[in-house]
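J.: Here it is, the structure in full.
The values are calculated or read from the model by the stated rules, or taken from the named source; none is laboratory data. Treat the numbers as computed from the prediction; the structure is a model and nothing was measured. Please note: Cβ atoms are built from the backbone with ideal geometry, for glycine as well, and neighbour counts cover all protein chains shown.
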Amino acid sequence: MIMDEEFLDKLRHYFSLNLYEVKIWTALLSRGTATAGELSDIADVPRSRSYDVLESLEKKGFVIMKFGKPIKYYAIPPAEVIERVKKNLKLETDKQLEKLDEVVSGELLDELNLIHSQGIELVEPAERSGSLKGRHNIYSHFEFLLKSAKKQVIIVSTAQELVRISESIRDVLQAVARRGVKIRIAAPETKATKEAAKKLKGIAEVRALEGIDARFIIIDSTELTFMLQSDEKVHPSFDVGIWVNTEFFSTALERFFELAWKGMKPIEASED
């Protein structure tokens, strides 16, 4: 049985299975019930691996082993598999959250914080830098830096990024603003950014940036994170940001921003 590679990749992604597992599973779905040997031949999976793969699929709730000689396996309907996967994910997530809650409320976190604080004292400010790969990691780093903001936050973004910011980290920005931190955002004015400005009303001052395509965030004139490419030209998984702790460069970039800011007009929040 030949399955389209793109289809198999989708199954691997959505169900967190390896290649042998998706091959055996789809082979069993096509037969309804079969032996390990039959599935090995159909799926083109080594016989020495087929039993281990079927045992794994059984534990994950994809198949049922039927007793008898020879042992056969029964394919659970896909809709039921999805429900089982969702249930198992929720159980695993709940267990992991309980463990992390134990860390937060216990002595372990105090010990970790002590180790970290002692380590930070040994690090030169200029050495606090690194690369961030993937848009999810970049935004997670934004949230981390924003939580420590004390005076002001400057964000320069594309139109698409402003929309994402208004959706993904709005709550964090709101918490920062409530602490009295001044937040200013510059982005191109479009219908979408007007909607985003509406979501950020009362949280940040948003102005229209024209003629410059850039993506960066400056926090307290010290922490700078800038992206290397336009988000229109790079897949989210391959987006790259550079984080540096540099008062010298951050302050210089901030002064250029201040000059440009004076000439920008506010992006008026769209009205329903």
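J.: Where the second residue is among the acidic types (Asp, Glu) and the first is in a strand (DSSP E or B) and lies in region 132-152, which pairs have Cβ atoms under 7 Å and are six or more apart or on separate chains?
T.: Qualifying pairs under 7 Å: GLN152/ASP220.
J.: Hey, another quick one. Give the residue that is farthest from LYS87 (Cα to Cα), with candidates limited to residues of region 27-73 that are surrounded by 19 or more Cβ atoms within 10 Å (Cβ to Cβ) and among the polar types (S, T, N, Q).
T.: That would be SER40.
J.: Is it true that ALA187 is buried (at least 18 other Cβ atoms within 10 Å of the Cβ) and either modelled with pLDDT under 95 or of a type outside the set (D, E, K, R) (or both)?
T.: Judged against the criteria, ALA187 is a match.
Conditions (1) modelled with pLDDT of 90 or more; (2) crowded, with 16+ Cβ neighbours inside 10 Å; (3) closer than 25 Å to LYS151 by Cβ, marked per residue:
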residue	(1), (2), (3)
ARG179	yes, no, yes
LYS191	yes, no, no
LEU200	yes, yes, yes
PHE256	yes, no, yes
GLY263	yes, no, yes
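J.: Checking ASP272 against (1) modelled with pLDDT under 90; (2) buried (at least 20 other Cβ atoms within 10 Å of the Cβ), which test does it fail?
T.: Result: ASP272 fails condition (2) only.
J.: Can you list residue pairs whose Cβ atoms sit under 6 Å apart, with the first residue in region 48-76 being among the acidic types (Asp, Glu) and the second being at pLDDT below 90? Count only pairs 6 or more apart in sequence or on different chains.
T.: Pairs that qualify, where the first residue is among the acidic types (Asp, Glu) and the partner is at pLDDT below 90, are GLU58/MET65.
J.: Also, I was wondering about something else. From the list GLN160, GLN229, pick out the single residue that is surrounded by fewer than 16 Cβ atoms within 10 Å (Cβ to Cβ), under 21 Å from LYS133 (Cβ atoms) and in the same structural domain as SER140 (by TED's automatic domain parsing).
T.: GLN229
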